[in-house]
Amino acid sequence: MKTNYRQILVHIDNTRRSDARLALARHIAHVQDASVAAVHAAQPGYSHAARTLEAGERLATVLNQQHAERRAEARERFDEALAEGSPRATWAECLEADVIRAFSQQALYADLLVLGQHDPADPSSGEVPADFAPSVMAQSGRPALMVPYVGAVPASFDTVAVAWKASREAAAALTAALPLLQRARHVVVMRWNETPEAPRASGSILGLERFLKLHGVAARFDDEAPASPDLVGELMLSRCTDHGADLLVMGCYGHARLREWLLGGASRTVMRSMTLPVLMSH
């Protein structure tokens, strides 16, 4: 019996790939009979320090007006997209300045988030913090399907690559991906630097292959050559190309420092260089 997502939450802003995120969320919802909630989360393009300048208040007023206009433009594109058939989607807007916290609160009630890779070349990217996606994953604990800012978004995930590491993060990502893995034609599990540990139990020991079979997923396992941790992220993306993968599933590793979320090596590389959708969980 296949597993379904019931609630999908998609991040809407004014970047070039926002419409692609909405289209992907609606496609998954159509296949799995899920609900889609679209939340516009962006902030005016000025810093808090600007408020202290002599013209700060006037500047804030102008920028807030521009922000309202851009939010209205995003809503108009949303309405136009929904006119093109089912499924329907709901609309909401984050009104507080801390868009990460506001969106993360909504994320608590979703099975899957659809977020975007940060594109530093997009003129509208400054309206969303560069660490928006990993911060939302960390604060909400919810899995996210990351949409890259380049390349075509596949209509379906026929070939899925799983980057496996015996860790909480990888296990969470794998479990969150089950509704997609169960519908894929091919699943390949890639493992780097995985040294089997001494058994901590006797008898019938649980393992990844058995777990996937119990959930109706037939996977091929590739034990990759040992590699430096700094290179694993690049190798993941390269092997995804070799396998013709439409989707990569992996854990998201990192930690908070001050107010910034710092990603681990492989996660940072994939977040920066992805050219295919990536389902991640922290």
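Other residues lying with their Cβ under 14 Å from the Cβ of His67 contribute a combined charge of -3, Lys and Arg counting +1, Asp and Glu -1.
For the peptides 217-229, 167-179, 96-108, the ranking by packing is 167-179, 96-108, 217-229, with the highest mean count of neighbouring Cβ atoms within 10 Å listed first. Paramagnetic label reach from Gln66 (point 7 Å along Cα→Cβ; backbone nitrogen cut-off under 19 Å): within the range 14-33, residues 14-16. Here the simple spin-label model places points 7 Å from the Cα toward Cβ, and for Ser238 and Arg168 these points are separated by 3.2 nm. Taken along the Cα-to-beta-carbon direction at a fixed 7 Å, the label points for Gln182 and Thr275 span 3.3 nm. Applying 1/(1 + (r/R0)^6) with r as the Cβ-Cβ distance of Phe211 and Asp19 and R0 = 35 angstrom yields a FRET efficiency of 0.45. For the range 7-147, how big is Rg over Rh, using alpha carbon atoms and the Kirkwood form of Rh? Computed over Cα atoms, the ratio is 0.99.
Placing a pseudo-label 7 Å from each Cα along the Cα-to-Cβ vector at Ala92 and Lys2 gives an inter-label distance of 2.8 nm.
Applying 0.36 nm per residue to the separation of Glu80 and Ser156 and subtracting their alpha-carbon distance, the gain on full extension is 25.1 nm.
In this structure, Glu73 and Ser204 have a Cβ-Cβ separation that, at R0 = 51 Å, corresponds to a calculated FRET efficiency of about 0.30.
FYI, it's all coordinate maths here, none of it is from the lab. All of these numbers come straight from a predicted model, not from anything done at the bench. Every residue, glycine among them, receives a Cβ derived from its backbone with ideal geometry; neighbour counts consider all protein chains shown.
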